[in-house]
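First comes the structure, then the notes that go with it.
Quick note: the coordinates plus some simple rules give every number you see, no bench work behind them. Computed from a predicted structure; not experimentally measured. Using ideal geometry, Cβ is built from the backbone for each residue, glycine included, and neighbour counts are taken over all protein chains shown.
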Amino acid sequence: MYYDKTQDRLTEIIKNFARKHSLWILAYGTGCGAIEVPATMTSRYDAERLGVRGAATPRQADVLLITGYLTVKTLKRVIRVYEQMQDPKYVIGFGSCAINGGMYWDSYNTIKQLDLYLPVDVYISGCMPRPEAVLQGFGKLQSLIKEGKADGARKYKDELDYYRGNQQKIIKNWDFPDYNW
Amino acid sequence: METILINILGAIATFLLAFVVGMTYGGLRRKVIARIQNRYGPPFYQNFIDAFKLYSKNTAIHHGAMHFLGPAFLMVSSVVALMIVPVLTDNQWFPNLNFHGDLIFLIYIMTFGPLGMALGAGQTGNPNSAIGITRGLSQMVGFEIPWVMALVALMIEHHTTSLVDLLNYQTQTGTWLIFENPLAFIAAILASLGMFRYSPFNIVGAPTELASGPVSENGGKFLFVMMSSGSVFAFVKLTLLVDIFLGGAGNLIILLVKTFIIYMIPVTYGAVNPRYRTEQAVQYFWGWPLIFGFAAIIYAMYF
């Protein structure tokens, strides 16, 4: 059910312009990276001038920020939140914990690699990434959206079996409801 | 037949004007608040980009028929209120549906949209929506009373319930009602702080506290309808205050200047005030605004 009218080139360009300049983020404050988001949004770095703005609920958000490590327990909630978001939607993996586990590389109950479970559009490296790096990550996401390459949501729909398999492998008590998305 | 056609075209023009002005004011509000917080802020046309993005988003949420009708109620209420309020003093371009007693009708129709929205939000089943609705209705009990008292003071003073009569009185005598009954103006402005629902009275859609309250299950096109109806409604409220107290406006530039000055009162008041709790907000409105409302009625009756 994703938006696949890509043959309408001109409307798609205009829509991508609007999407790129109006990113409403849902900062899922899992790890220590959540502390960098207020610094990015407030006076000194002021992400609002780029159109980046906080959204209150998954229904209203465009970008899901995974700020730091994810335990298996939170992964379940993050998947539900991601599936409640409306297309087009993007995921930013934040900090080295989301990339390869970081300092939790040998932990027994955190996930090591986020893009096995959710389609990540942009990774921001660092432990923790400073607000400059976060802004650069948003800039990267904006340029991907402009080129029409930020299609993580489409990948998620297409390869749902792959992602579901990985998710079910690590989440033991799997009791997800059926969504109407 | 031609007059009907012209009226329909005029109604569409009025709506487009209200939409553009309301959206631009919303963007300017974000800019003003950003400058107060020592930020650069988004461009003033940011709200148009946001609205277009929201419109182009996919919407696959379904919570039942009332959930779809809630934003429609909001929009209907805004548009009907817009059709009643005269935009300019000599109405040639922007026709409206005035009738005798439209001030009373306005008091009713301005609460109609939030009530419809409450029905729609109730069906989403989100607990945050339910809390937001109860908060919104309590707050409405707070600010409606000084607002109605300010209008009643004007009705008593001029023996009319017609908006156009008040407007004509001001243009004929050349005095603005803000000078004839300043107490009513103060009561109406203090009530309008709550009507705009900006900080410190944003207790309904408190984003960090209630996850935006009644709006929390609505994304994409729902949010687009709500955003545009909110913009139109802001324009309606500002034009109404200008029509009643500041003598209306002869042309669009005067209208924009007057409405912008009025609009900056709730914006700047909100930019430096944190959010009230519900009972604090209701206590606020039942304090000084109510006293000013009473004083305005007494002034209108005996002076």
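Any of B:LYS221/B:LYS258; A:LYS112/A:LYS155; A:LYS73/B:LYS57; A:LYS149/A:LYS172; A:LYS149/A:LYS169 with alpha carbons more than 26 Å apart? Name them for me. Walk me through the numbers on the way to the answer.
Values: B:LYS221/B:LYS258 32 Å; A:LYS112/A:LYS155 20 Å; A:LYS73/B:LYS57 30 Å; A:LYS149/A:LYS172 34 Å; A:LYS149/A:LYS169 29 Å.
Going by Cα-Cα distance, B:LYS221/B:LYS258; A:LYS73/B:LYS57; A:LYS149/A:LYS172; A:LYS149/A:LYS169 fall outside the 26 Å limit.
Which whole-Hz couplings ³J(HN,Hα) result when phi for each residue of the stretch B:212-221 is put into the Karplus expression 6.51 cos²θ - 1.76 cosθ + 1.60, θ = phi - 60°, listed in order with x for Gly and Pro?
Once θ is set to phi - 60°, the couplings for the stretch B:212-221 become 6, x, x, 7, 4, 8, 9, x, x, 5 Hz.
If I model a spin label at B:ILE4 and B:LEU119 as a point 7 Å from the Cα along the Cα→Cβ vector, what separation in nanometres do I get?
2.9
Which value, in debye to the nearest 20, gives the size of the charge dipole of chain B about its Cα centre, when Lys and Arg are +1 and Asp and Glu are -1 at the Cβ? Each step should come with its number before you reach the end.
Numbers: 14 positive and 12 negative charges, 237 e Å.
Result for chain B is approximately 1140 debye, rounded to the nearest 20.
Which of the aspartates and glutamates could be linked to A:LYS15 by a straight reach, that is with a Cα gap under 19 Å, when you skip same-chain ones fewer than 8 residues away?
Within the straight-line cut-off, A:LYS15 pairs with A:ASP4, A:ASP62, A:ASP87, A:ASP121, A:GLU147, A:ASP151, B:ASP50.
About its Cα centre, what dipole magnitude does the protein assembly as shown give when the only charges are +1 on Lys and Arg Cβ and -1 on Asp and Glu Cβ, stated in debye to the nearest 20?
Values: 39 positive and 32 negative charges, 300 e Å.
Here the protein assembly as shown has a charge dipole of around 1440 debye.
What average number of partner chain Cβ atoms lie no more than 10 Å from the Cβ of the residues making up A:43-56?
Across the residues of A:43-56, the mean count of other-chain Cβ atoms within 10 Å is 5.
Taking Cα pairs under 8 Å and at least six residues apart, what relative contact order does the stretch A:9-170 come out at, in percent?
23
Seen from all sides and averaged, what is the projected area of the convex hull of the Cα atoms in the stretch B:84-137, in nm²? Kindly include the intermediate steps, with their values, before the conclusion.
Values: hull surface 20.7 nm².
So the Cα hull casts an average projection of 5.2 nm².
Find the eigenvalues of the gyration tensor of the Cα atoms of the stretch A:83-162, then list the square roots of 5 times those eigenvalues as equivalent ellipsoid semi-axes, largest first, in whole angstrom.
Taking √(5λ) for each eigenvalue gives 22, 19, 8 Å, largest first.
Between B:ASP90 and B:PHE260, take the C-beta separation as r, use R0 = 22 Å, and let me know the FRET efficiency to the nearest 0.05.
My answer for the efficiency is 0.55.
Compute the Cα gyration tensor for the protein assembly as shown, then decide on rounded, prolate or oblate, letting a ≥ b ≥ c be the square roots of its eigenvalues: rounded whenever a/c is under 1.5, prolate when a/b is larger than b/c in the other cases, and oblate in all that remain.
Judged from the Cα gyration tensor, the protein assembly as shown comes out prolate (a/c at least 1.5, a/b above b/c).
Restrict the search to the stretch A:63-106; then list the chymotrypsin sites (Phe, Trp or Tyr not before Pro) that DSSP places in a loop and that have at most 15 other Cβ atoms within 10 Å of their Cβ.
Answer in residue order: A:TRP105.
Dipole of the protein assembly as shown (Lys/Arg Cβ +1, Asp/Glu Cβ -1, origin at the Cα centre): which of B:SER162, B:GLY250, A:LEU116 lies farthest to the positive side?
A:LEU116
Would you please calculate the Kirkwood hydrodynamic radius of the stretch B:186-253 over all C-alpha pairs and express it in Å, rounded to one decimal?
Computed over Cα pairs of the stretch B:186-253, the Kirkwood hydrodynamic radius comes out at 13.8 Å.
Which whole-Hz couplings ³J(HN,Hα) result when phi for each residue of the stretch A:157-173 is put into the Karplus expression 6.51 cos²θ - 1.76 cosθ + 1.60, θ = phi - 60°, listed in order with x for Gly and Pro?
5, 5, 10, 4, 5, 4, 5, 4, x, 4, 5, 6, 5, 9, 8, 6, 8
What number, in percent, do you get for the relative contact order of chain B if the mean sequence gap of Cα pairs under 8 Å and at least 6 apart is divided by its residue count?
Computed value for chain B: 28 percent relative contact order.
What FRET efficiency do you get for A:ARG164 and B:HIS62 if R0 is 25 Å and r is their Cβ-Cβ distance, rounded to the nearest 0.05?
Computed FRET efficiency for A:ARG164 and B:HIS62: 0.65.
Averaged over B:54-62, how many beta carbons belonging to a partner chain fall within 10 Å of each residue's beta carbon?
Mean shielding count: 6.
Tell me the Rg and the Dmax, in Å, that the Cα atoms of chain A produce.
Over chain A's Cα set, Rg and Dmax evaluate to 16.0, 49 Å.
Whole percent per 5 Å bin, from 0 to the bin with the longest distance: what is P(r) over all C-alpha pairs of the stretch A:121-160?
6, 23, 22, 19, 16, 11, 4
Provide a whole-number value for the mean count of partner chain Cβ atoms within 10 Å of the Cβ atoms in peptide B:30-42.
Values: counts 2, 2, 0, 1, 4, 0, 0, 4, 4, 9, 5, 3, 10.
Whole-number average of other-chain Cβ neighbours for B:30-42 is 3.
Could you state the angle between the C-alpha long axis of helix B:102-124 and the longest principal axis of the C-alpha atoms of chain B, as a value from 0 to 90 degrees rounded to the nearest 10?
Once rounded, one gets 10 degrees.
List every residue whose amide H lies under 5 Å from the amide H of A:ILE124, counting only residues 5 or more places away in sequence or on a different chain, with H placed 1.01 Å from N in the peptide plane.
A:GLY93, A:PHE94, A:GLY95
Can you give the Kirkwood hydrodynamic radius of chain B from its Cα pairs, in Å with one decimal?
Working: mean 1/r = 0.0502 Å⁻¹.
Taking the inverse mean of 1/r over all distinct Cα pairs, chain B comes out at 19.9 Å.
Can you tell me what percent of all Cα-Cα pairs in the stretch B:214-275 are more than 20 Å apart?
Result: 45 percent of Cα pairs exceed 20 Å.
Between A:LEU23 and residues 5 or more places away or on another chain, which pairs have amide H atoms under 5 Å apart, with H built 1.01 Å from N, and which residues are they?
Amide H neighbours of A:LEU23: A:VAL52, A:ARG53.
Can you quote the Å³ per residue value for the convex hull of the Cα atoms in the stretch A:72-114, rounded to an integer?
Output value, Cα hull per residue: 59 Å³.
Which value in deg cm²/dmol, rounded to the nearest 500, describes the helix-derived mean residue ellipticity at 222 nm for chain B, given -39,500 (n - 2.57) per DSSP H run of n ≥ 4 and division by the residue count? Intermediate values should be presented prior to the final figure.
Values: 13 runs with 223 residues, N = 303.
Taking each H run of at least 4 residues, the total per residue is -24500 deg cm²/dmol.
Along the stretch B:273-289, what does the Karplus equation 6.51 cos²θ - 1.76 cosθ + 1.60 (θ = phi - 60°) give for ³J(HN,Hα), rounded to whole Hz, x for Gly and Pro?
Here the 3J(HN,Hα) series is 10, x, 6, 7, 7, 4, 5, 5, 5, 5, 4, 4, 6, 8, x, 4, x Hz.
Between B:GLN280 and B:HIS100, what is the FRET efficiency for a Förster distance of 45 Å, r being their Cβ-Cβ separation, to the nearest 0.05?
0.70
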